[in-house]
Amino acid sequence: MVNNQRIALVTGANKGIGREIARQLIEAGVFVLIGARDLERGKRTAADLSSTGHSVESIELDLTDETTITAAADHINEKYGRLDILVNNAGIVDAADGPPSTASTTSARRLVETNFIGTLAVTQAMLPLLRRSRAGRIVNLASALGSLAINSDASSPYYSARLIGYNASKAALNMLTVQLAAELKDTAIVVNSVAPGYVKTDLTGHTGFMTPEEGAKLPVEYALLGDEAVSGRFVEPDGSTPW
């Protein structure tokens, strides 16, 4: 029964790393809500994942449409009364993004609006539900490209990845992690930024060096952190990452 399971919402879970995070959480005994902008795709994913006999449900959630965010929070509240895990996975890239001197400002605005503002809106809507959890967990899917230290380090393999819109959106997401972890330090909610690595998904044009299965492991680990969990960290598979 759901009442005896942890309840997780994974945004952007109808494909890629989000889908794999959902699958691994389900395998760990978590009841998962598949957040998807396209509800029909979300339903197909939920049907596929539930074919193994596990409990899963799809829910419409578009980071750029706050009516869907409010409706999702209302639905979770009415049906389940709480949320134990929020994985803020949904995010975009934009072909018109690039170096600060040439990037499309429309592209940069779209990236920040989706990857940061949209995630902030989802988090705010779900916080009242997470406060009802015995041990709430928020995992923000970050990127090494959101690290100011890495962006300014000429020896870093990511130094030449000058994508002002995307990188700025992920840096802003890290700021959300830092400030929210501080704001919630006296609660049972733990917040962390987790960079899964360079994963072969639609987002990366399937040019990564990790499979979705490999990339999902660290976000899932942090979603399932126990009672001694540390909040306000920025981590990658190799360890902590500088902000």
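Tabulated results
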| quantity | calculated |
| --- | --- |
| Cβ crowding within 10 Å averaged over residues, with 66-74, 139-147, 170-178 ranked highest first | 139-147, 170-178, 66-74 |
| Most mobile of SER160, SER55, SER101 in a GNM of the chain (Cα contacts under 10 Å) | SER101 |
| On Cα atoms only, tilt of 66-79 relative to the major axis of the chain in degrees | 30 |
| Degrees between helix 164-183 axis and first principal axis of the chain (Cα, 0 to 90, nearest 10) | 50 |
| Tilt relative to the chain, helix 39-50 - C-alpha long axis, 0 to 90 degrees, to 10 | 60 |
| Gained length - MET175 relative to ASP153, 0.36 nm times residue gap less alpha-carbon distance | 6.0 nm |
| Separation in nanometres of the label points that stand 7 Å from Cα toward Cβ, at LYS217 and THR187 | 3.2 |
| Considering only the chain, percent of DSSP beta bridges that pair antiparallel, nearest 5 | 10 |
| Average Cα contact separation per residue, the chain, under 8 Å, 6 or more apart, as relative contact order % | 19 |
| GNM top mover of LYS79, LYS185, LYS217 - the chain, alpha-carbon springs below 10 Å | LYS79 |
| Segment 1-138: relative contact order in percent, alpha carbon pairs under 8 Å with at least 6 residues between | 25 |
| For ALA90, residues with placed amide H under 5 Å, excluding near neighbours | THR11, GLY12 |
| Net length gained if the chain between ALA229 and GLU27 were fully extended (0.36 nm per residue, minus Cα distance) | 70.6 nm |
| SER160 paired with ASN77, simple spin-label distance in nm, labels 7 Å along Cα-to-beta-carbon | 5.0 |
| The chain, helix-only ellipticity at 222 nm - DSSP H runs n ≥ 4, -39,500 (n - 2.57), divided by all residues, nearest 500 | -12000 deg cm²/dmol |
| For the chain, built as a Gaussian network whose Cα springs stay under 10 Å, the top-fluctuating residue of ASP97, ASP186, ASP62 | ASP186 |
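We did not get these values from a lab; they are worked out from the coordinates using the rules stated. Not measured: the values here are computed from a predicted model. As a convention, Cβ positions derive from the backbone with ideal geometry for all residues, glycine included, and neighbour counts pool all protein chains shown.
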